[in-house]
Each structure stands twice: as structure tokens, then as C-alpha cells.
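The values are calculated or read from the model by the stated rules, or taken from the named source; none is laboratory data. Keep in mind that what you see is a predicted model, and the values were worked out from it rather than measured. With ideal geometry, Cβ positions are generated from the backbone for all residues, glycine too; neighbour counts draw on all protein chains shown.
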Amino acid sequence: MKHLLKLLDLSTEEIIDILNLADQLKYELKHGIPHPHLKGKTLGMIFQKSSTRTRVSFETGMYQLGGYPLFLSSNDLQIGRGEPVQDTARVLSRYLNGIMIRTFEQSEVETLAEYGSIPIINGLTDFCHPCQVLADLMTIREFKGSFDGLKLCFIGDGNNMANSLIVGGLKVGMAVSIACPKDYQPPKEILDFAAKYDNFEITDSPAQAAKDADVLYTDVWASMGQEGEAEKRKKAFAGYQINDDIMALAKADAMVLHCLPAHREEEITAKVFEEHANEIFEEAENRLHAQKAVMVKLMA
């Protein structure tokens with residue numbers, strides 16, 4: 001593992017290895033055990049999309065690992081004024097020990113990795129969100145004990161979250177069921193990957209997807225950059241909500257996850273959100289621990 005560009009690149013063993021290290025680092029932090037694995041190292045964090053959890057968790061995580069996080073807004077970099085990504089990659093590789101980038105195009109992340117000589121971490125693109133899903137998997141295993149026999153259900157847009165949940169969920173052995181409108185399905189590359197698995201289902205019926213689910217997951221209907229489609233999407237996704245009716249179809253002890261920010265009474269009711277807030281905010285915290293594990297694996 002040289003980079004974290006997308007979960008499609010990782011083996012099951014590599015994913016489990018990251019989760020095991022994340023559990024260890026979380027335990028050490030809670031018990032006041034220092035772990036300065038990245039002492040003297042510097043992580044450059046390029047943000048072309050704004051963020052709460054990604055910025056704070058990476059910055060705090062790098063500090064806890066003994067390293068130095070460097071916030072690089074695209075407004076402050078020449079990349080925001082037309083410098084080719086490949087040139088930025090070659091320059092930053094001479095200054096930094098790793099780069100985390102949160103951007104739009106997956107090709108930008110891949111180009112950074114191709115031309116740079118240091119580890120690249122995908123902090124989010126329109127195609128996938130591997131860091132979030134590593135935290136999600138960590139949380140599921142924390143609450144359920146293992147992935148064996150579990151069914152993960154995602155209801156909503158076939159977006160970057162759905163893409164990474166499908167890949168991550170199937171690779172660790174869960175059954176994965178996705179409910180999204182026909183015009184908002186995940187891309188062919190993801191569906192082709194999922195087609196190799198017997199325990200994958202895609203439907204336009206949230207009720208069908210939620211049946212006997214152990215984990216229910218949703219995301220906003222309009223992601224960053226899609227604000228102009230918000231009203232159109234509200235109509236398309238009417239009925240694609242995690243609510244009491246959907247919860248009644250899932251297992252009695254089903255957990256609910258959301259990558260946040262959440263739009264209450266759209267993709268999830270306030271009632272269900274608050275009933276499962278403990279799981280959702282543990283999931284948010286686990287971004288810190290999972291990303292620290294990724295940084296240690298790539299940069300130590």
C-alpha cells in the first residue's frame with residue numbers, strides 16, 4: 001500500500017490491517033499512551049472542497065502522531081491558478097512526507113500519485129470517500145463485534161459514499177443492499193465490481209433494501225457542488241428516507257450511520273437521527289482514528 005486513492009485498490013487484508021491499527025491507536029489515545037509514529041514528518045492538506053470533519057480530524061491526528069499538518073487552501077496554491085497537478089505533485093514531494101487532498105475530480109488524486117514521490121491520501125472526491133468508509137467499517141465492527149453475517153443497507157444517491165460503501169462492505173464480507181432512484185445509480189465501474197459478489201443487491205425500493213438490515217446508512221440528497229440541483233433532487237428522492245417505517249423493516253438491533261452533515265426530515269428523520277446519535281457521532285470520531293492508521297501505514 002503506497003497510497004490511499006480508492007478502496008478498489010486495497011485488498012481485504014489491507015483494509016482489516018488499517019482497522020486493527022485504528023482500534024489500537026484509539027485505545028492508546030483513550031488511555032493516554034503517546035504514539036509519536038510520525039515525529040518530524042509533515043502532511044500537506046490540499047482543500048479544494050470545504051470541510052469540517054476532514055480538516056479537523058487530519059490536522060488533530062497528525063499532531064497526535066507527533067507530526068506537523070500544513071493546511072493548503074486551493075486559493076493559496078498555484079494549483080488554484082492553473083499550475084498543472086503534475087507540477088504541484090513534483091514540487092510538494094520535495095517538501096512534504098505526504099499529501100491529503102479533498103477535491104472534485106478523482107483524476108487529480110490519481111495524477112498526484114503518478115507524478116509525486118510521496119504517499120497521497122484521498123480525503124474525498126466526487127467518485128469516492130475512502131477515509132469515511134474506513135471509519136464506517138471501524139464503527140460497524142466496534143458495535144457489532146465482527147462483519148460476519150451482517151447486511152449493510154444504503155438508501156439515497158449513488159454517489160461517492162455509496163461507491164465506497166459498496167466496495168468496502170463487500171470486501172470485508174458483508175451483504176450490501178443499495179436503494180437509489182434509477183437515474184441516480186452508482187457508476188458502471190462500481191456496479192461491475194459489485195456484480196462479482198452474490199451478496200450484492202441494487203433496487204429502487206428502500207423497503208426492499210432495508211429488509212433485515214443490520215446497518216442502515218444514508219447521505220444528503222445533494223452533495224457539495226450539486227446545490228443547483230437541490231429542488232430537482234428533493235423530488236427524485238422523495239421516499240428515500242430513513243424513518244420509523246424503514247427501521248421497522250430492519251433488524252430490531254439495527255444501527256444507523258450518517259457521514260454528516262445531516263439534513264433532518266430529508267434523508268433521515270430527526271427522531272431516528274437522535275435515537276442513533278451515539279452511533280453516528282462515534283462514527284464521526286472514528287474518522288480521527290482510521291485516518292491516523294492510514295497515515296501511520298503510509299508515512300511511518
message: Can you tell me which condition Ala270 does not meet? The list is (1) surrounded by fewer than 20 Cβ atoms within 10 Å (Cβ to Cβ); (2) under 21 Å from Pro130 (Cβ atoms); (3) in contact with a strand residue (DSSP E or B) (Cβ under 6 Å, 6 or more places away or on another chain), and all the others hold.
response: (2)
message: Kindly evaluate Ala22 against the criterion of being surrounded by 15 or more Cβ atoms within 10 Å (Cβ to Cβ), closer than 30 Å to Gly173 by Cα and not assigned by TED's automatic domain parsing to the domain that holds Asn160.
response: yes
- prompt: Any residue in the range 99-107 that is in a helix (DSSP H, G or I), of a type outside the set (Phe, Trp, Tyr), in contact (Cβ under 8 Å) with a residue 12 or more places away in the chain and touching a Pro at 6+ places or on another chain (Cβ under 9 Å)?
  reply: no
query: Before we move on, is Lys235 among the basic types (Lys, Arg) and modelled with pLDDT of 95 or more?
result: no
field: Single unsatisfied condition, Ile140 versus (1) in the same structural domain as Pro36 (by TED's automatic domain parsing); (2) under 23 Å from the mean Cα position of the chain (by Cα)
entry: (1)
task: Give the residues of the range 142-184 that are over 14 Å from Ala213 (Cα atoms), in contact with a Pro (Cβ under 8 Å, 6 or more places away or on another chain) and of a type in the set (A, V, I, L, M, F, W, C), sorted by residue number.
output: Ala162, Ile166, Cys180
Number of the exception - Ile33 against (1) in a helix (DSSP H, G or I); (2) farther than 14 Å from Met295 by Cα; (3) of a type in the set (Val, Ile, Thr): (1)
message: Every residue in the range 161-191 that is touching an Asp or Glu at 6+ places or on another chain (Cβ under 7 Å), surrounded by fewer than 24 Cβ atoms within 10 Å (Cβ to Cβ) and within 20 Å of Glu266 (Cα to Cα), please.
response: Cys180, Pro181, Lys182, Tyr184
query: Looking only at residues in the range 154-208 that are without any contact (Cβ under 8 Å) to a residue 60 or more places away in the chain and among the basic types (Lys, Arg), which one is nearest to Ala236 (Cα to Cα)?
result: Lys182
- prompt: Quick check: is even one residue across the range 197-205 at pLDDT 95 or above, crowded, with 19+ Cβ neighbours inside 10 Å and among the aromatic types (Phe, Trp, Tyr)?
  reply: no
message: So, in the range 206-229, exactly how many residues are loosely packed, with under 13 Cβ neighbours inside 10 Å and either over 22 Å from Val172 (Cα atoms) or basic (Lys, Arg) (or both)?
response: 3
message: For the condition surrounded by 22 or more Cβ atoms within 10 Å (Cβ to Cβ), touching a Cys at 6+ places or on another chain (Cβ under 8 Å) and not assigned by TED's automatic domain parsing to the domain that holds Gly169, what is the one hit in Ile101, Ile121?
response: Ile121
- prompt: Filter the range 140-158 for residues that are surrounded by fewer than 24 Cβ atoms within 10 Å (Cβ to Cβ) and of a type outside the set (D, E, K, R); which is nearest to Ser205 (Cα to Cα)?
  reply: Gly158
query: Among the listed residues Thr42, Thr52, which satisfies the condition of being polar (S, T, N, Q) and either at pLDDT below 95 or closer than 15 Å to Leu137 by Cα (or both)?
result: Thr52
- request: Scan the range 50-66 and give yes if some residue there is assigned to a strand (DSSP E or B) and either of a type in the set (S, T, N, Q) or buried (at least 18 other Cβ atoms within 10 Å of the Cβ) (or both), otherwise no.
  value: no
